[in-house]
Each structure stands twice: as C-alpha cells, then as structure tokens.
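Only the coordinates and a few stated rules stand behind these numbers; no lab work does. Just so we're clear, the structure is a prediction, and the values are computed from it rather than from any experiment. Glycine gets a Cβ as well: all are built from the backbone with ideal geometry, and neighbour counts include every protein chain shown.
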Amino acid sequence: MIKQIQHFQMRYLIILLFLGGSLILAGCANNQGKAQRLVQLNLAPASDMPKFVHQALPEVQEAYRFAKANPEILAQIPCYCGCNALGHLNNLECYVQPAGEFDNHAAFCGVCVDITRDTMEMLKRGKALPEIRDYIDSTYSQYGPPTATGPVRTNSTNQSN
C-alpha cells in the first residue's frame with residue numbers, strides 16, 4: 001500500500017513538473033511575440049556617415065544614423081550635456097548642425113548618445129514623443145541645464161517615412 005502511495009506521489013510530481021514547464025515555455029513564447037511587435041526604426045545608410053562616425057563605437061554610429069534619418073524627432077528632444085553653451089538647441093544639433101553638416105560633438109559625448117539611444121528604445125516600444133520627452137527630462141536633468149528645446153509638437157510622428 002505504501003509503495004502505491006509513493007508511486008502515485010511520484011506520478012503526481014512528474015505531472016506537476018510537466019505542467020509547470022509547459023507554462024514557462026508558454027510564457028517565453030508570449031515574450032517572443034511581444035519582441036516581434038517592436039517598431040522598426042529608420043536609420044540613414046552607414047555609407048552616408050562621415051569618417052569620424054565610422055571610427056566611433058557601434059552605438060555611436062547607430063545614434064548618428066538615427067539622427068540623420070529622424071531629424072524631426074531629435075529636434076524635439078533636449079540635451080543635458082551642457083552643449084547649450086555651444087549654442088545647441090536640441091539633441092539633433094549634437095549630431096547635425098542646422099546648416100546640415102555633421103557635428104562631431106556626440107561622437108565624444110556619452111550623455112548625448114545615451115539620450116538618443118533612450119529615445120530610440122522608447123520609440124521601438126511604441127511610446128509617443130511626449131512620453132519620451134518627459135522621460136528624457138526627468139532622467140537627464142541631473143546632468144546639467146537643458147538646451148532651449150521647444151515643446152513637443154502634438155502633430156509629430158514617431159518615425160519619419
């Protein structure tokens with residue numbers, strides 16, 4: 001009789017383990033589905049980047065490519081690295097000057113790149129520009145004064161074409 005009870009308990013344990021494993025796998029499959037729903041960001045071709053960008057770290061290169069392809073987004077995001085002293089009005093100008101030439105400032109500034117990469121990550125997750133701006137303001141205001149970036153335009157899109 002005791003052997004029958006132990007055998008029953010062992011079967012019960014095996015079934016519970018199997019069901020638990022199935023639930024874990026189902027949860028992983030659900031997370032993979034979420035990852036597949038990420039928004040694809042527009043990036044300028046690497047061939048359009050100047051030499052100093054090609055010599056930078058991969059995350060810096062990606063930030064420059066994003067800035068060039070999405071100026072309407074970064075023009076609405078402030079920078080907190082102190083570049084307002086250089087006359088920058090927004091995070092875009094850390095990468096591209098108002099006249100259209102590339103600026104090497106962000107290639108040597110982790111704060112600029114971190115702001116851009118946070119913006120990119122939030123866009124990938126489908127966040128709206130006002131929410132991104134609020135996050136950037138609250139997260140980076142500890143680093144210094146912001147650029148004189150105007151408010152987020154309500155008719156802004158998250159992506160360029």
message = Give me, ordered by chain and number, the residues 5 or more places off Val96 or on other chains with an amide H under 5 Å from its own placed amide H.
response = Asp103
request  = Sort Leu41, Leu86, Leu74 so the one with the fewest other Cβ atoms within 10 Å of its own Cβ comes first.
outcome  = Leu86, Leu41, Leu74
Set of aspartates and glutamates near Lys127 by C-alpha distance (under 16 Å), chain-local residues within fewer than 8 positions excluded = Glu72, Asp118, Asp137
inquiry  = Counting other beta carbons within 10 Å of each residue's own, what order do His88, His54, His105 fall into, fewest first?
reply    = His54, His105, His88
query = Of Val53, Phe102, Gln76, whose Cα points farthest to the positive end of the dipole of the range 46-143 (charges on the beta-carbon: +1 Lys, Arg; -1 Asp, Glu; origin at the Cα centre)?
reply = Val53
Neighbour-count order for Phe66, Phe108, Phe102, fewest beta carbons within 10 angstrom listed first = Phe108, Phe102, Phe66
In the range 47-110, GluC sites (Glu not before Pro) in a DSSP loop with at most 14 other beta-carbon atoms within 10 Å = Glu101
